[in-house]
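A short worksheet on the structure shown next.
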Amino acid sequence: MSSKFVKANIFILIGNFIFRIGGYIYHFLMATLLPTYSYGILATFLTTLGIFQILSAGGIPPAIAKYLSEYISLGENALAKQIIYSSLKVMALLGTLFGLILVFFIAPYLTSYYNNQDFFIPLCMISLIIPFSIIAGAFRGSFQGLYKTEYIVASRGAEQGFMIIFSVILVIAGLSVVGATLGSVFGYVASAIISFYLFKKYILKIIPQPDEEVKFSFKDELKLMKKLISFAIPVSIAALSEMLLLLVTTLIMPHLLAPQYIARFQVANTISRIPLMLPNSIATTILPASASANVTKNNDLLDKYISESYRYTLIVIIPICVGIALLSKPILGTIYFTKPELMDGSLALSILIVGMGFYSIFSISSSIIQGIKNPRIPMYLLVIGAILTITLTYILVPIYGIVGAAIGTTITSIIMAIPAVIIILKIKETKSSMIPYLKMIFASLVMGVGLLGLTSLKFLPLWSQTILGFIIGVIIYFFVLLFLKGFRKRDVLILTGVTDKFGPLTPFFNKIYSLMIKYS
């Protein structure tokens with residue numbers, strides 16, 4: 001089982017990285033091909049879609065995974081099969097229900113709320129996506145429960161690939177934002193079809209057959225459905241709160257600002273998520289690791305897991321946040337060189353990236369807290385954070401525009417991160433030293449001074465500022481941290497395992513590792 005678990009984690013981590021890159025490609029293409037006004041409408045469409053995906057079925061796929069795995073382990077094979085079929089019925093019902101609610105209530109209401117008829121058709125398109133999205137989600141839950149996460153990657157890959165291809169084709173064909181939303185529909189249809197194919201061809205063969213056929217009454221099915229929904233509700237609340245925290249500003253702002261301003265905020269918001277890639281990956285493994293150490297009462301090991309998680313997150317996240325904050329305008333000007341007006345989101349990006357740095361700390365802390373048997377605390381913090389974000393959006397956006405939205409998100413992230421860290425320190429009384437983190441901060445500040453000097457050279461084109469900024473920033477940060485003895489021999493062992501197959505580049509990395517060992 002351990003090998004299955006490791007293999008499953010590897011596929012998920014690789015998949016998450018690929019899909020995050022795919023998401024950036026999609027947003028880049030849409031921001032480039034669509035008028036700024038239309039891209040702002042698309043951003044609102046994507047936010048609303050995400051919220052309704054969670055409302056309609058967000059917590060049921062994990063519930064399927066949980067109970068499918070449990071029933072197979074207990075030899076309850078008839079229940080294992082039935083949980084899948086019952087979940088499909090629940091999700092089909094929810095998909096139909098929320099699709100109707102969207103067309104007849106939500107789309108008209110939001111269109112009126114935004115006082116802009118251009119939102120109506122894209123919002124109605126969500127009703128076509130939801131049924132396919134949640135059916136694919138049900139099948140993915142079965143893939144997860146059987147540790148076949150490569151099928152999840154295949155399903156999501158089909159979704160993202162078809163969405164990008166058809167959105168680009170339809171936008172180029174002149175359908176503008178309607179074409180982009182229709183392309184999303186094709187993506188989710190493809191995902192549902194691929195998921196069904198994989199389930200029928202492979203998963204049904206993996207699930208052990210019951211010794212004798214068992215017929216489930218309507219009452220029995222209702223009990224299974226109740227069990228699924230009971231597990232799914234708190235998961236959905238946490239997921240919805242996280243989405244509202246990170247994206248609700250995009251949902252509210254069309255009521256307060258014109259769509260072109262939403263586009264400027266969206267490009268900033270998309271780039272600001274870069275720091276979340278690492279902590280999201282670490283969070284996947286720290287939860288079971290901290291749970292195991294806590295259950296065996298191995299406090300020294302738990303303290304090591306906690307300090308290492310924070311250290312490896314912050315040693316990368318701090319310089320990234322400082323670098324993007326100082327190079328926000330060159331970065332936006334380089335990526336969206338065909339849309340110079342999107343550089344107006346640079347100040348919002350500089351502020352948002354700080355918020356995402358703190359949210360990275362919260363993400364790691366949340367997984368640790370869940371691992372030491374306090375799963376509701378992150379949910380409470382997320383709910384409070386979502387409410388606070390909504391409140392700050394209404395207060396700050398009318399005054400400061402998209403900068404106000406960035407300030408609100410950042411304030412909320414800081415307010416959530418601080419108590420999460422304090423809770424961990426109090427529960428386990430960890431003895432981590434602050435000195436390594438102070439070294440990272442100092443090295444990042446020195447790097448920041450160098451980047452400020454670079455951006456002051458106005459004669460350099462924006463693309464060269466971005467490229468030189470990345471190169472110079474990495475060099476300054478590495479050598480300052482090196483001379484501060486901010487690296488350890490253990491770091492070299494970990495990095496060697498990653499780069500030992502880089503072919504001709506391996507000798508170069510080995511020289512760097514020699515320096516790290518010398519000054520460790």
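The numbers here are math on the coordinates, done by the rules we state, and not lab data. Keep in mind that this is a model prediction, so the values were computed, not measured. With ideal geometry, Cβ positions are generated from the backbone for all residues, glycine too; neighbour counts draw on all protein chains shown.
Classify the range 351-481 as rounded, prolate or oblate, taking a ≥ b ≥ c as the square roots of the eigenvalues of its Cα gyration tensor: rounded when a/c is under 1.5, otherwise prolate if a/b is larger than b/c and oblate if not. Mind showing how you got there, number by number?
On the way: a/c = 3.21, a/b = 1.35, b/c = 2.37.
Oblate, because a/c is 1.5 or more while a/b does not exceed b/c.
If you place +1 on the Cβ of every Lys and Arg, -1 on the Cβ of every Asp and Glu, and leave all else neutral, what size is the dipole of the range 1-246 about its Cα centre, to the nearest 20 Debye? Mind dumping the intermediate values first?
Numbers: 17 positive and 11 negative charges, 81 e Å.
Around 380 debye, computed over the range 1-246.
Using +1 at the C-beta of Lys and Arg and -1 at the C-beta of Asp and Glu, which of Ala386, Ser309, Phe459 has the Cα lying farthest in the positive direction of the dipole of the range 257-459?
Checking the options against the dipole of the range 257-459, the answer is Ser309.
In what sequence do Arg376, Arg273 fall when counting other Cβ within 10 Å, fewest first?
Numbers: Arg376 11, Arg273 17.
Least to most surrounded, the residues fall as Arg376, Arg273.
What residue among Ser363, Val446, Thr409 has its Cα farthest toward the positive end of the dipole of the range 257-459, where the charges are +1 on Lys, Arg and -1 on Asp, Glu, each on the Cβ?
Ranked along the dipole, the leading option is Ser363.
Taking the Cα centre of the chain as origin, work out the dipole magnitude from +1 charges on Lys and Arg Cβ and -1 charges on Asp and Glu Cβ, in debye rounded to 20.
The calculated dipole for the chain is roughly 1100 debye.
How much net charge surrounds Leu438 when only other residues with a Cβ under 13 Å from its Cβ are counted (Lys, Arg +1; Asp, Glu -1)? Don't skip to the answer; put the middle values down first.
Numbers: positive: Arg311, Lys439, Lys485; negative: none.
Net of charged neighbours comes to +3.
At Val449 and Glu221, where each label point lies 7 Å from the Cα along Cα→Cβ, what is the point-to-point distance in nanometres?
With each label point 7 Å from Cα toward Cβ, the separation is 7.1 nm.
For a protection proxy built on the mean count of beta-carbon atoms within 10 angstrom, sort 73-85, 248-260 highest first, please.
248-260, 73-85
For the range 257-459, go through all pairs of different Cα atoms, get the mean of 1/r, take its inverse, and jot down that Kirkwood value in Å. Numbers along the way, then the final one.
Working: mean 1/r = 0.0553 Å⁻¹.
Evaluated on the range 257-459, it is 18.1 Å.
Taking the Cα centre of each part, how many Å lie between the range 112-176 and the range 329-367?
For the range 112-176 versus the range 329-367, the Cα centre distance is 25 Å.
Figure the gain on full extension for Ser73 and His255 (residue separation times 0.36 nm, minus the Cα-Cα span) and round it to one decimal in nm. Please list the in-between numbers first.
Details: separation 182, 0.36 × 182 = 65.52 nm, distance 5.09 nm.
Once the chain is fully extended between Ser73 and His255, it gains 60.4 nm.
What is the order of Ile377, Ile152, Ile130, fewest Cβ neighbours within 10 Å to most?
Values: Ile377 18, Ile152 23, Ile130 26.
Fewest-to-most Cβ neighbours within 10 Å comes out as Ile377, Ile152, Ile130.
Determine, from the Cβ-Cβ distance of Ser456 and Lys489 and an R0 of 45 Å, the FRET efficiency 1/(1 + (r/R0)^6), rounded to the nearest 0.05.
Working: r = 39 Å, r/R0 = 0.86.
Working from the Cβ atoms, E equals 0.70.
What residues of the range 150-169 lie in the reach of a label at Lys201, counting those whose backbone N is under 14 Å from a point 7 Å from the Cα along Cα→Cβ?
Answer for the range 150-169: 151-152, 154-155, 158.
Could you tell me the calculated FRET efficiency between Lys89 and Ile18, based on Cβ-Cβ distance and R0 = 30 angstrom, to the nearest 0.05? Mind dumping the intermediate values first?
On the way: r = 32 Å, r/R0 = 1.07.
The calculated FRET efficiency here is 0.40.
Run through the range 170-248 and list the chymotrypsin sites (Phe, Trp or Tyr not before Pro) located in a DSSP loop whose Cβ has at most 16 other Cβ atoms within 10 Å. Before the final figure, lay out the partial values.
Details: sites: Phe186, Tyr188, Phe196, Tyr197, Phe199, Tyr202, Phe216, Phe218, Phe231; in loops: Phe216.
Of the chymotrypsin sites (Phe, Trp or Tyr not before Pro), the ones in loops of the range 170-248 whose Cβ has at most 16 other Cβ atoms within 10 Å are Phe216.
Taking the Cα centre of the range 257-459 as origin, sum charge times position over the Cβ atoms of Lys and Arg (+1) and Asp and Glu (-1), and report the length of that vector in debye to the nearest 20. Present the calculation step by step, with values, prior to reporting the outcome.
Working: 14 positive and 6 negative charges, 40 e Å.
Using Cβ point charges on Lys, Arg, Asp and Glu, the range 257-459 gives about 200 debye.
Tell me whether the chain comes out rounded, prolate or oblate; compute the Cα gyration tensor, take square roots of the eigenvalues as a ≥ b ≥ c, and use a/c under 1.5 as the rounded threshold.
Values: a/c = 1.71, a/b = 1.16, b/c = 1.47.
Oblate is the answer for the chain, as a/c is 1.5 or above yet b/c matches or exceeds a/b.
Quick one: if the Förster radius is 30 Å, what FRET efficiency do Ile233 and Ile441 give, using the C-beta to C-beta distance and rounding to 0.05? If you can, show how the numbers build up before the last one.
Details: r = 40 Å, r/R0 = 1.34.
Given R0 = 30 Å and the Cβ-Cβ separation, E is 0.15.
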